[in-house]
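Scroll down for the structure; my scribbles are underneath it.
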C-alpha cells in the first residue's frame, strides 16, 4: 500500500523533472524567429536537409543586409523524421514554447497537412514547401504553396505531359499508368487518369506497386509491355524510379512517350548512376540550367549552395528542391519588408494580392494558395553521354519542352528515337 | 495478354529474384534454422554489407561481388563477436526466447542508426560493367543485374550445402542442431561450433548485401522490408535445410513475380506474406523441415 | 474488495480527475501534444506487456492493432462522424477481434513463429488498407477534427484528457490481471506452457484472453490517432516505431509487473519527446537502440528489477 503512494510520488517527481527540461532558455531579444519542422532523417531526409541548407543561405543573405525590418532572422527548426505523428507536437512547441514569430511548413504533403490546422487556429501565414493539394479540405486563405503545380494541382501536375502527347502525329491512342502506393505518386497518377480521359487516350494498364518493398520491376514492366501502350505515365519515388528505368532498358520497353511523374530523376546522384539510360525520358521538372530559366538571383544562390553541399553530403547540384526552399522563405521575407509589418493578416493579404519576384521566377497565388497558373515543366533528357557530374550541370541536357513560354529545345518523339 | 512468352518471362524473372532471396536467407537459415538463434537483425547485416560494398565501389571502383567476398572475412569475426555477447548474456542463462529476440531487434535499430550517421539517408547505388545490360534466349530476356545475384546466390547455397554435409565442421554444426549433448560427449564444444556457424551466417549476409545493391538502390532503413521475406523463405523451406532455403527463395520469387504480372503488383507483398502465414499455420516445419 | 485494490482504484480515479483539472489550468498546447504521445505509449506498452510480459508471447505487430483502431475510426468518421467514445469502443472491438484471431494462431505457433506471424500480419493489413480507397488508401486522407468540445477550451486538451484516462484504465486493467488468478495462470504459461497445461491451467482461454485484451487496448489507443495527427496514411499508422517502442518500453521498465511498462513508457517516451526538440533525431534513434540493447544485456529485469536489486542490497547492508 505504501509502495503505491511512493510510486505516485515518484511519478509526480518525474513529471516535474520533465517540465523543467522543457522550459525554454532565456531568449535573445529582437530576433525574428521563423519556426518549422523539417524531415532531416527518414525517407525525405536527403531532400529535407538540402532544403534546410537553402533556408540557412537565405537567412545569411537577409542578415547580411541587416535582417527584416532591422531585426535579425533566426531559424528555429526540429526534425520531424518524416513522421506525420511528430508534426503537431513540433508546431505546438514552436508556437507555445519557442514563441516563434512566423511558421513555414516542412517538406512534403504528409508533413504539411498535420501542421495546417494549427496555423489555421492561430491565424498565421503558412508557406508550404511541396505539398500536393494540401489545402483542399481546409481551404485556409493564409496558406501558400511554393510548388508550381497550379490551381488544380492534381490535374495540372501532368497536363503538360498530355498536351505534349496530344500534339504528336500520328496521335497516340493508348496509355499505361503505373504508380507507387503512396501519397504523392497516387495523386499524380490520379490526375494523369483524369487527363487521359479528357484527352481521349485509352487506358490499357493501370496498376500500383508497393512502396517501399518492391525489389525488382521486371515482371511489372513485362506486363506493361504486353499491354503495348503508346504512352507510359509513371508516378514513382527515387528508389523505384531507378529500378523502373533500368528494367525498362533491360526488357526494351519502348513506349512513344515515357516518364511523367518520376521523382528522383532530378537528383544528381541518380542522374550520375543512370547516365545514358535517361536519354529520351520526359519527366516533370522544376528547374534546370537552361537559358530560359535564368531567374534573378538563382545563380548566386546555387553558387553558395554548391559550395556548401558537398561538405554536408547533400545533392551537389541542388536544382530540384533547394531553389524553392529558398524562395518560400524569401517570399515571406519580402512580404514582411513590403508591408513593413509583422502582422499575420496584413502579410497574408499582401501575399494573396500581389505578384512576387523570387529566385524561382515570378509567383502569383490563386485558389487555395496554389500558383494561379501551373508552371510544372516537362523536361526531356537529351544528349547525355557520360555519368560525370559535369554532364548534368550543362545546358542542353535537361531540355524544357513544355510549356512553350519556357521551351529551350526541340522535343524528340518517339521515345526510342531519343534513347 | 496471356501468351506463353509472357508466362515464361514472368517465371524467369521470379526465379532470378528467388535465387537472390535464397542468398539473403541462407545465413538466417544457418543461425535460426539450425542453431535456434533468432537473428531478427539479419536484414540489417545485409544492408550493412550493401553499404560496405557501396563505399569501396564508390571510392576505389571495386567490383561489388568482389567487395562482398572480401568483406565477408571481417564480417565473420563481427558475427563471432555478436554471438559471444548473445551467448554470454542470454543463451547461457536461458533467457534467449524473450530477451534474446529483443536484443537482436535492438541491434537492428543500432545498425540502422550507425549507417544513417555514417552514410546519410540518401539512396546509394553501385556501378559495375554488368549492370544495365541484358541478353535474351529466344523470347526470354535475362538482365545481368538480376542474373549475377541469382548465380552467386545459387553458388552460395551450394557451397553451404556441401560444407554442411561433406566437411567435418559442417557435420558438427548439423550435429549440434540435432543433439547438442551428444556432440559434446564426442568431445566437440558446441558453443565453438555455434560461434563459427553464426559467423558464417553474418558473412553470407554481407555477401547478400553486395547482391542487393547490384539489383537496386539501397538506403539505411530498407532492411525492414526484408525481415518478412527472409523469414518467409527460411520457414517456407524448412529450417536449416539449404535445399529448402533455395527452393523457398525460388517459390517466393516466382509467387511475387506472378502476382505482379497477373494480378497487379500492389498485392505482391501480401501474397508472399500470405504464403508465410499459411505455412506457419499449416506446416511450421516447412517443406524440407527436419 | 481488498484494501489494496480499493486504494489502487482511488488513485486511478484521482489521476483521471487530476488530468481534467490540469486542462482547466494550463494553456501551453505543446505539453498536451507531447503528453498525448507519451500517454499513448503508456497504453501501448501496457497492452503489449499483457501478452508479451505476462504470457511470454512476443508481438511484433503492435502497429497492426494500433492502425486497425485508427482506421476503424477513420472509416466511421467518413460515414457518420460519431462522437469520440464510439470511435474508441469500435476501434477496441475491431482490434480485439483481430487479437482473438491471433490468439487462435497460438494453438499452432509457439515462440518466435508467433512473433514472425504477427509481423507478417502487420504487413498484410497494411497492404489491405493501402488498397482500400474509402479510407484514403495509400494516398492517405485528411481528417477534420471537431471545432470544439464541451467543458474543454480546445480539442487538443480534450484528446490529452482522453488519452490520460485511457492510460490510467489500461494500467488498472494490467494491475487487475496481474493480481488475480488470471495473471498467475499467464505467468505459468510464460514459464512452461506444457507444464501449465498439465497442472490444469486453461491455457487456451487465458491466451485468447491475453491476445484479445492486449489487441483491444492497442486499438483503443489508435482510435483517436487520426484526430491527433489530422492526416492519416498507412506508412505512418503502421510505422515500425510502434512495434519497437511498445516492446522496448516494457523491456526497459521491466516486464513482470504493471509498473514496468508504465515506467518504461514514461521515461523513454519523454526522452524521445525531449530528443525530438533538442537533439538530432539520429541521436534520438541511437538513444532508443542503445537503451534497449543495454537494458536487455545488463539489466534483464528492467528498471523495476534494478531498483528492486539496489533496494535489496541497501537493506542487506543496513541489516
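The values are calculated or read from the model by the stated rules, or taken from the named source; none is laboratory data. From a predicted model like this one, the values you see are computed outputs, not experimental measurements. All Cβ positions, even for glycine, are placed from backbone atoms using ideal geometry, and neighbour counts span all protein chains on display.
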Within region B:131-144, track down each residue that is buried (at least 17 other Cβ atoms within 10 Å of the Cβ) and either in contact with a helix residue (DSSP H, G or I) (Cβ under 6 Å, 6 or more places away or on another chain) or free of Cβ contacts under 8 Å to residues at least 60 places away in the same chain (or both). B:131, B:132, B:134, B:143, B:144
Meets criteria (surrounded by fewer than 16 Cβ atoms within 10 Å (Cβ to Cβ) and within 14 Å of another protein chain (Cβ to nearest Cβ)) for residue C:115: no
Looking only at region B:71-113, which residues are surrounded by fewer than 17 Cβ atoms within 10 Å (Cβ to Cβ), touching a residue at least 40 places away in the same chain (Cβ under 8 Å) and either within 14 Å of chain C (Cβ to nearest Cβ) or more than 20 Å from the chain's Cα centre (by Cα) (or both)? B:84
Given the criterion touching a residue at least 60 places away in the same chain (Cβ under 8 Å) and under 21 Å from the mean Cα position of the chain (by Cα), identify the matching residue among A:188, A:182, A:176. A:188
Here the residues within region C:205-240 that are part of a helix (DSSP H, G or I) and within 14 Å of another protein chain (Cβ to nearest Cβ) are C:221, C:222, C:225, C:226, C:227, C:228, C:229, C:234, C:235, C:236, C:237, C:240
Are any of the residues in region A:321-331 within 16 Å of residue A:129 (Cβ to Cβ) and not in a helix (DSSP H, G or I)? yes
When you go through B:25, B:29 one by one, which is the residue that is within 14 Å of chain A (Cβ to nearest Cβ), assigned to a helix (DSSP H, G or I) and closer than 21 Å to residue B:196 by Cα? B:25
Residue under question is residue B:116, and the condition is that it be within 7 Å of another protein chain (Cβ to nearest Cβ) and in contact (Cβ under 8 Å) with a residue 60 or more places away in the chain; does it hold? yes
Taking residue C:122, is it closer than 30 Å to residue C:207 by Cα, in contact (Cβ under 8 Å) with a residue 12 or more places away in the chain and either assigned to a strand (DSSP E or B) or within 14 Å of chain A (Cβ to nearest Cβ) (or both)? yes
Any chance you could count how many residues in region C:251-275 are within 9 Å of another protein chain (Cβ to nearest Cβ), surrounded by fewer than 24 Cβ atoms within 10 Å (Cβ to Cβ) and either outside any helix (DSSP H, G or I) or modelled with pLDDT under 85 (or both)? 1
Which residues, taken from region C:125-161, are in a helix (DSSP H, G or I), modelled with pLDDT under 85 and surrounded by fewer than 20 Cβ atoms within 10 Å (Cβ to Cβ)? C:133
Out of A:187, A:195, sole residue that is within 23 Å of residue A:132 (Cα to Cα), more than 10 Å from chain B (Cβ to nearest Cβ), modelled with pLDDT under 90 and not in a loop (DSSP other than H, G, I, E, B): A:187
Given the conditions (1) in a helix (DSSP H, G or I); (2) more than 12 Å from chain A (Cβ to nearest Cβ); (3) closer than 30 Å to residue B:282 by Cβ, which single one is not true for residue C:184? (3)
Yes or no: residue A:81 within 20 Å of residue B:122 (Cβ to Cβ), surrounded by fewer than 24 Cβ atoms within 10 Å (Cβ to Cβ) and assigned by TED's automatic domain parsing to the domain that holds residue A:314? no
Could you tell me which of the residues A:255, A:238, A:219 is over 14 Å from residue A:179 (Cβ atoms) and without any contact (Cβ under 8 Å) to a residue 12 or more places away in the chain? A:219
May I ask you to say which residue of C:41, C:32 is touching a residue at least 40 places away in the same chain (Cβ under 8 Å), over 26 Å from residue C:212 (Cα atoms), within 12 Å of chain A (Cβ to nearest Cβ) and crowded, with 24+ Cβ neighbours inside 10 Å? C:32
Can you name every residue in region A:136-154 that is out of contact with any strand residue (DSSP E or B) (no Cβ under 6 Å at 6 or more places or on another chain), within 13 Å of chain C (Cβ to nearest Cβ) and part of a loop (DSSP other than H, G, I, E, B)? A:136, A:138, A:139, A:140
Out of everything in region A:70-99 that is touching a residue at least 24 places away in the same chain (Cβ under 8 Å) and away from every other protein chain (no Cβ under 12 Å), what residue ends up being farthest from the chain's Cα centre (by Cα)? A:71
Scanning region C:103-112 residue by residue, those at the interface with another protein chain (Cβ under 9 Å from one of its Cβ atoms), crowded, with 19+ Cβ neighbours inside 10 Å and in contact (Cβ under 8 Å) with a residue 40 or more places away in the chain turn out to be C:112
Examine region B:227-236 for a residue that is without any contact (Cβ under 8 Å) to a residue 60 or more places away in the chain and more than 9 Å from every other protein chain (Cβ to nearest Cβ), and state whether such a residue exists. yes
